[in-house]
1. Can you tell me which residue within region 60-111, out of those that are under 21 Å from Gly38 (Cβ atoms) and aromatic (Phe, Trp, Tyr), is modelled with the lowest pLDDT?
2. If you take the residues of region 1-36 that are in contact (Cβ under 8 Å) with a residue 12 or more places away in the chain, of a type in the set (A, V, I, L, M, F, W, C) and assigned to a helix (DSSP H, G or I), which of them is nearest to Asn108 (Cα to Cα)?
3. Does region 16-40 hold any residues that are surrounded by 15 or more Cβ atoms within 10 Å (Cβ to Cβ) and modelled with pLDDT under 95, and which are they?
4. Being closer than 14 Å to Pro20 by Cβ and loosely packed, with under 15 Cβ neighbours inside 10 Å is the filter; apply it to region 65-98 and report the residue that is farthest from the chain's Cα centre (by Cα).
5. Check Glu109 against each of (1) within 15 Å of the chain's Cα centre (by Cα); (2) outside any strand (DSSP E or B) and name the one condition it does not meet.
Amino acid sequence: MKWQIKYFNNNLEDDILNLPEGLLARYLRLTDLMLQFGANLGLPHTKAIESGLFELRVKSKEGIARVFFCTKIGKKIVMLHSFIKKSQKTPKKEINIAKSRMKEVKENETF
């Protein structure tokens, strides 16, 4: 069974598809690898944030983006939240959005 990627909502998918060209190309390359090899690509591509929450680390000449995701049984990767990094440390606000969405995903069977 191959891995599959789902998005928390259509707005998130649109936000990701509207990333600057270089970041989008890198995101698409990394997600292709995730579909083939699974969610854990390891550093520098993926990093565990806390129990069950991970980040996809996207970097190009346009800057740095992060896409938070979690996994579900059945080889499902659910993209939860994305943002463009503007500081060294990931803002708590961004992590909290992802954690809240992960909780909703884990409680909902339709994802």
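The values are calculated or read from the model by the stated rules, or taken from the named source; none is laboratory data. What you see is a predicted model, and the numbers here were worked out from it, not measured in a lab. Note: ideal-geometry Cβ built from the backbone for every residue, glycine included; neighbour counts use all protein chains shown.
1. This residue is Phe111.
2. Going residue by residue through region 1-36, those that are in contact (Cβ under 8 Å) with a residue 12 or more places away in the chain are 1-8, 12-13, 15-16, 19-23, 25-27, 30-31, 33-36.
Filter once more, so that each one left must be of a type in the set (A, V, I, L, M, F, W, C): 1, 3, 5, 8, 12, 16, 19, 23, 25, 30, 33-35.
This time we only want the ones that are assigned to a helix (DSSP H, G or I), so: 12, 16, 23, 25, 30, 33-35.
On the way: Leu12: 18, Ile16: 23, Leu23: 30, Ala25: 31, Leu30: 26, Leu33: 26, Met34: 23, Leu35: 22 Å.
Going through the qualifying residues, I end up with Leu12.
3. Ala39 - this is the single residue of region 16-40 that is surrounded by 15 or more Cβ atoms within 10 Å (Cβ to Cβ) and modelled with pLDDT under 95.
4. Only one residue tops the list, namely Lys86.
5. (1)
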